[in-house]
Every structure is written in structure tokens, then in C-alpha cells.
Amino acid sequence: MTNDSSCLICLRQQSTDLHTVFENELWIARHSRETNILGYIVLEPKRHFLDLAAATDEEAQTFGPIMRELVSAVKAMVKPERVYTFTLAEVVPHFHVHIVPRSDTLPRAYRGRGILSYPLQPGASEALVEGLCTAFRRRLKTSSISGAHARPV
Ligand SMILES: [Zn+2]
């Protein structure tokens, strides 16, 4: 793996992250620590690269099925009206996809492109996030992406 020692995502992957909900040899998905939105998942490759143009064939081929399972899990867990998925990589130039449930109670100003203005603080309750992560892990463990390459988290 070609990791960048100055990259926050590469550095975080070297530490234990209690909010990991899925991991295999290529990808890690975790619950976001930013914002108080429950069910906000971030999918990132283990290898440091900027965007999908730099993905290997195996990374590209596994990306779709993993995204499908993560979006399905978010829908099942938090029952949002929409699930936003986007990648920007402006703050940390390591490919990562934001998977953000949009509830029916989210103020209109934060809907659609407005989600980018949603406040980062306060964060969600640690107990609520940990409980949700446990439920995500249980669901993803029995999903189609939990094959031979999946690792227990
Ligand atoms: Zn990185």
C-alpha cells in the first residue's frame, strides 16, 4: 500500500477506530465523527489516491457493490428520505465518499447542496454512534460484500 504519512486518512487507518462499520483488504467504512447526523458513513480506500481515476481494477470493481450495501444499510438503519453520496477531497486529498442520510426533519436550508453548510459541531452522542455502529457491523457482516476478503471489525 502506498500511504502518505502526512495524510490524515492514512494516519487514522493506522490507529484503532472504534467507529469502523466495514473493512476488507481494500476499503474501510466508518461512522463520521463530524456533525450530529446519525448514520453518516464515510467510505475510503486503504490505499492513498485522490479519485477514482487512480483506482486499480479491483478497487473499481468492488466500489459499486460496497456502496450499494452501505447505502442500503443507511436506509435500513435510520430510514431517511434521501441518502446523499458525494466526494470532494478538498480538505484531505485521499479519496473518500460521504454517505449522508437526509431525514424528513432536516431544515430546508441544509437540503441538497445546502448539506455542505451543515454545522460540524456539535457531534453526535458517542453512545448513540457506538450503538448504531454495532448495528451496522451486524448487518454488513451478513451482506453480499462480506465475502472472503472481509475482515472482522
Ligand atoms: Zn491518504
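What follows is calculated from the coordinates using simple rules that are stated; it is not laboratory data. All values reported here derive from a predicted model rather than from experimental measurement. When we count neighbours, we look across all protein chains shown, and the Cβ atoms used for this are built from the backbone with ideal geometry, even at glycine.
Listing for the model above:
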| quantity | calculated |
| --- | --- |
| Residue within the stretch 49-56 that is closer than 16 Å to Leu132 by Cα and either away from the ligand (no atom under 16 Å from the Cβ) or surrounded by fewer than 17 Cβ atoms within 10 Å (Cβ to Cβ) (or both) present | no |
| Failed item in (1) within 17 Å of Cys7 (Cα to Cα); (2) under 10 Å from the mean Cα position of the chain (by Cα), with Ala54 passing the rest | (2) |
| Selected residue (criterion: farthest from the ligand (Cβ to nearest atom)) from residues of the stretch 107-123 that are part of a loop (DSSP other than H, G, I, E, B) and farther than 19 Å from Arg33 by Cβ | Pro107 |
| Filtered residue count, the stretch 112-132, keeping only those that are surrounded by fewer than 18 Cβ atoms within 10 Å (Cβ to Cβ) and in contact with a Phe, Trp or Tyr (Cβ under 8 Å, 6 or more places away or on another chain) | 1 |
| Test: residue in the stretch 14-27 that is more than 14 Å from the chain's Cα centre (by Cα), under 25 Å from Ser146 (Cα atoms) and not in a loop (DSSP other than H, G, I, E, B) | no |
| Tally of residues being in a helix (DSSP H, G or I) and of a type in the set (Lys, Arg) across the stretch 30-69 | 1 |
| Looking only at the stretch 33-45, and only at residues there that are closer than 16 Å to Lys79 by Cα and crowded, with 20+ Cβ neighbours inside 10 Å, the one that is farthest from the chain's Cα centre (by Cα) | Ile37 |
| Answer from Arg82, Arg68, Arg30 - the residue that is more than 15 Å from the ligand (Cβ to nearest atom), within 14 Å of the chain's Cα centre (by Cα) and basic (Lys, Arg) | Arg68 |
| Every residue from the stretch 73-114 that is hydrophobic (A, V, I, L, M, F, W, C), touching a Ser or Thr at 6+ places or on another chain (Cβ under 8 Å) and in contact (Cβ under 8 Å) with a residue 24 or more places away in the chain | Ala73, Val78, Phe95, Val97, Ile99, Val100 |
| So Ala109, is it out of contact with any helix residue (DSSP H, G or I) (no Cβ under 6 Å at 6 or more places or on another chain), loosely packed, with under 15 Cβ neighbours inside 10 Å and among the hydrophobic types (A, V, I, L, M, F, W, C) | yes |
| Yes/no for Leu8 being surrounded by fewer than 14 Cβ atoms within 10 Å (Cβ to Cβ), within 11 Å of the ligand (Cβ to nearest atom) and within 12 Å of Val97 (Cα to Cα) | no |
